[in-house]
Every structure is written in structure tokens, then in C-alpha cells.
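Engineer: Below you'll find the structure I mean.
The values are calculated or read from the model by the stated rules, or taken from the named source; none is laboratory data. Keep in mind the model is a prediction, meaning the values are calculated, not measured. Neighbour counts run over all protein chains shown; Cβ positions are idealised from the backbone, glycine included. The accessibility values were calculated without ligands, DNA or RNA, using every heavy atom of the protein model including side chains. Shrake-Rupley method; radii C 1.70, N 1.55, O 1.52, S 1.80 Å.
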Amino acid sequence: PLKELAFGRKGRLYINMGSASDACRDERQQQPLPCPETAGPLPRAAVYETTLVGPDLKPQTPKPFATGLRNSLGLALTQDAAGRTERLWQAENSVDYSDANAPAEELNELERGAHYGWPYCVSDAQGRSVVARGYDKRAQCARRQAHRPPFQAWPAHVAPLQLLAMPPAPAGQAASPWSGRLLAVWHGYRAQGHRIVAWRIGPDGRPTGARENIVSGWRVMPGIRPQGNPAGITVDHRGWLWIVEDRNRTVLVV
């Protein structure tokens, strides 16, 4: 039931179809290869694409656009400075190890027909592909031909729940603090989570430079504030950033 939508140019609509499991374990806790969830013409763990056509924007039959994506709870599109190239970005909720620092969550630039590793391969903190637990000696993860590596490796367990791409301010208008940035909602309760982060969007439409912590340190401080876990964001016409967080069921404005 966890869905994410993103609208592209020329009537394109992208839809998350998350996996039904964490690591493709069956009722006997076995991890088959190939994973049944990724098989057939309508796999799970994928982002689908459809096109809305006609005056009533009728959706055509959705088809897999990119696969091997456990749960794409962040989808956003950016353009290059010339407006000729559109890029689709995905924030990956990776397999849930008990380790504090593994595996990395991911930011992926999605390309049509590409596979991104789930459930056989995960990323380490440097963005290198490693075999996921349960698929040792059965999966090949070092070869780029097997699947696409992430564009960025994010800290483990940050649990990204949304991406928001903010275009540059139009000529003659004042820029907001979020203009020309890709924002991400990190929901996770561990030290690296519970924050809103951002990167500047470069001329090629890709995030670049150091990470900015827009809202961070959202941990509990007795007598001052409870811990917060952001779940979604939007920006209004004034440039104010609105945040909803679900631990305390509050809405905040930055």
C-alpha cells in the first residue's frame, strides 16, 4: 500500500510498486534465486511508467521502467539548465539489517530497463555493491553489468520517505532557501535520521556539492521538545517549507 507518484513531461507518470518483503524470504525463511517478486511481466520492487493521453488524461497500461528497487518512497524529476534532459530520481529504502551502519540507503538515477540490485545486492557506505545476506556465493554484485550502482550512498536506516525537487527561482524573482535544490525527508529514528536534507541541483540536473541539513538534531530534549520523525514536505507560494512528522502528529513551518 506504500505508493509514491511523480509526474514527468509529455504526460508521463511514474509509480512505485514496492516489494512485498524485506529480503525476498519465503514462509520457510529461504531466499530463492531468482526472487519470485522480481519475475514475470509485472514484477514488484520496481518503478512503473504510464502515459496519460487525450483530453481526459487516460492512463495507458503501466509497464516496468526500472527494477531491483526494494521500496521507492521518494521519486522526483529534475531537468538540466537547458531544459532538454529530464532525470528521474529514486530514494531507496534498503534491506533492514540489525547493524547500525549497514547497508546504505541509496539515491538512484533511474534509467529505463536498468536493474538496481534488490534483493541480491546492497551498497556499503562508499556506494560499492556487495552481496546481500542470504545470497552469499550465489549472486554477482561486483560487475557493473549486473546492476546499476547508486548515484549516492546515504547512511543506513535513514529511511527516506520523500524527494522534492525545487526548480531555480525564475528570473527577476527572489530565490527561496530551497530554490534549485533536491530535498529529501529522512524519517529514520537513529542518529543519522529524523532530518530534512538537501543538495544543490547542478546545470546537468544532478545533485551536487555537500549535503545541507535543513532541519536536523530533531532528537528528544526533556523540557524543550520531543523527538520528531518527518514523513513529508511541501513548499507553498511564499517559499515556506511545510513539514509533517508522524511521531507526534504535528505540522511545522520553516
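Engineer: Kindly provide the set of residues from region 68-84 that are open to solvent by less than 40 Å² (accessible area, probe 1.4 Å), assigned to a loop (DSSP other than H, G, I, E, B) and farther than 19 Å from GLY205 by Cβ, ordered by number.
Structural biologist: So the first thing to find is which residues in region 68-84 are open to solvent by less than 40 Å² (accessible area, probe 1.4 Å), and the list is 68-69, 71-78, 80, 83.
Subset that is assigned to a loop (DSSP other than H, G, I, E, B): 68-69, 71, 80, 83.
Those that are open to solvent by less than 40 Å² (accessible area, probe 1.4 Å), assigned to a loop (DSSP other than H, G, I, E, B) and farther than 19 Å from GLY205 by Cβ: GLY68, LEU69, ASN71.
Engineer: Any idea which residue in region 86-143 is nearest to GLN162 (Cα to Cα), counting only those that are among the hydroxyl-bearing types (Ser, Thr, Tyr) and open to solvent by less than 40 Å² (accessible area, probe 1.4 Å)? It would help to see each step written out before you state the result.
Structural biologist: Keep residues of region 86-143 that are among the hydroxyl-bearing types (Ser, Thr, Tyr), which gives 94, 97-98, 116, 120, 123, 129, 135.
With the extra rule that they be open to solvent by less than 40 Å² (accessible area, probe 1.4 Å), the set shrinks to 94, 97, 116, 120, 123, 129, 135.
On the way: SER94: 14, TYR97: 21, TYR116: 19, TYR120: 24, SER123: 20, SER129: 24, TYR135: 29 Å.
Looking at residues that are among the hydroxyl-bearing types (Ser, Thr, Tyr) and open to solvent by less than 40 Å² (accessible area, probe 1.4 Å), I get SER94.
Engineer: Hey, another quick one. Please verify whether region 83-99 includes one or more residues that are among the hydrophobic types (A, V, I, L, M, F, W, C) and modelled with pLDDT under 95. Don't jump to the end; show me each part of the working.
Structural biologist: Going through region 83-99, the residues among the hydrophobic types (A, V, I, L, M, F, W, C) turn out to be 88-89, 91, 95.
Remaining after also requiring modelled with pLDDT under 95: none.
Within region 83-99, none of the residues are among the hydrophobic types (A, V, I, L, M, F, W, C) and modelled with pLDDT under 95.
Engineer: Say whether the condition of being touching a Phe, Trp or Tyr at 6+ places or on another chain (Cβ under 9 Å) and of a type in the set (Asp, Glu) is met by at least one residue in region 48-59. Give the derivation first.
Structural biologist: Step one: list which residues in region 48-59 are touching a Phe, Trp or Tyr at 6+ places or on another chain (Cβ under 9 Å), which gives 48-50, 52.
Now drop any that are not of a type in the set (Asp, Glu), which leaves 49.
Yes, there is a match, as at least one residue in region 48-59 is touching a Phe, Trp or Tyr at 6+ places or on another chain (Cβ under 9 Å) and of a type in the set (Asp, Glu).
Engineer: Testing ILE196 on (1) hydrophobic (A, V, I, L, M, F, W, C); (2) within 22 Å of TYR97 (Cβ to Cβ); (3) surrounded by 22 or more Cβ atoms within 10 Å (Cβ to Cβ), one condition comes back false. Which one is that?
Structural biologist: (2)
Engineer: Looking only at region 160-193, count every residue that is aromatic (Phe, Trp, Tyr), open to solvent by 40 Å² or more (accessible area, probe 1.4 Å) and not in a loop (DSSP other than H, G, I, E, B) and tell me the total. I'd like the intermediate steps shown before the answer.
Structural biologist: Narrowing region 160-193 to residues aromatic (Phe, Trp, Tyr): 178, 186, 189.
Checking which are open to solvent by 40 Å² or more (accessible area, probe 1.4 Å) leaves us with 189.
Subsequent filtering for residues that are not in a loop (DSSP other than H, G, I, E, B) retains none.
Of the residues in region 160-193, 0 are aromatic (Phe, Trp, Tyr), open to solvent by 40 Å² or more (accessible area, probe 1.4 Å) and not in a loop (DSSP other than H, G, I, E, B).
Engineer: Give me the pairs: first residue in region 17-37 and under 16 Å from LEU69 (Cβ atoms), second residue assigned to a helix (DSSP H, G or I), beta-carbon distance under 7 Å, and six or more apart or on different chains, which are they?
Structural biologist: Listed pairs, sorted by first residue: SER19/GLU37; ALA20/GLU37; SER21/GLU37; CYS24/GLU37.
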